[in-house]
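Here is the structure we will look at, set down as structure tokens.
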Amino acid sequence: QVQLVESGGGLVQAGGSLRLSCAASGILVNIKTMYWYRQAPGKQRELVATIVYGEITNYADSVKGRFTISGDNAKNTVYLQMNSLKPEDTAVYFCATSHLAITYWGQGTQVTVSS
């Protein structure tokens, strides 16, 4: 059974940093495509960052240069390092992956950036 558990969210001032973690079980993150999404109140869920096979990364334009997605094979965990945070980054952040044609989501972690 695939499980994704996010952690690391919180309240931070604008310009600050947070690192989100997504601990996976039931799959190996280094042979999967792993995603970080976010959803702000009243808005659609948007794709923030992607990592393929633990190496190939891609980012939304809104976070490029500020966020970094990475994987730790030993811990089977994917991270999202978020620097230079802005109030508009406030959202619930989710990690996700697909396995055997099913998309799995974590429970989400709240990130709040104060101005």
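What to note about this one:
- Number of positions in the range 78-89 that are part of a strand (DSSP E or B) and open to solvent by 10 Å² or more (accessible area, probe 1.4 Å): 2
- Identity of the residue in the range 51-60, open to solvent by less than 40 Å² (accessible area, probe 1.4 Å) and not β-branched (Val, Ile, Thr), that ends up modelled with the lowest pLDDT: Gly54
- The one condition from (1) modelled with pLDDT under 95; (2) open to solvent by less than 50 Å² (accessible area, probe 1.4 Å) that Asn30 does not meet is (2).
- Check on Gly42, open to solvent by 50 Å² or more (accessible area, probe 1.4 Å) and in a loop (DSSP other than H, G, I, E, B): yes
- Here Gly8 clears all of (1) in contact (Cβ under 8 Å) with a residue 60 or more places away in the chain; (2) loosely packed, with under 15 Cβ neighbours inside 10 Å; (3) touching a Lys or Arg at 6+ places or on another chain (Cβ under 7 Å) except the condition numbered (2).
- Only listed residue being touching a Pro at 6+ places or on another chain (Cβ under 6 Å), surrounded by 17 or more Cβ atoms within 10 Å (Cβ to Cβ) and touching a residue at least 24 places away in the same chain (Cβ under 8 Å), chosen from Val63, Val48, Val113, Val92: Val113
- Options Ala74, Ala96, Ala49: the member that is assigned to a loop (DSSP other than H, G, I, E, B) and among the aliphatic types (A, V, I, L, M): Ala74
The values are calculated or read from the model by the stated rules, or taken from the named source; none is laboratory data. Computed from a predicted model, the values in this text were never measured in an experiment. Quick reminder, even Gly has a Cβ in these numbers, built from the backbone with ideal geometry, and neighbours come from all protein chains shown. SASA here: full protein model, heavy atoms, side chains in, ligands and nucleic acids out. Shrake-Rupley method; radii C 1.70, N 1.55, O 1.52, S 1.80 Å.
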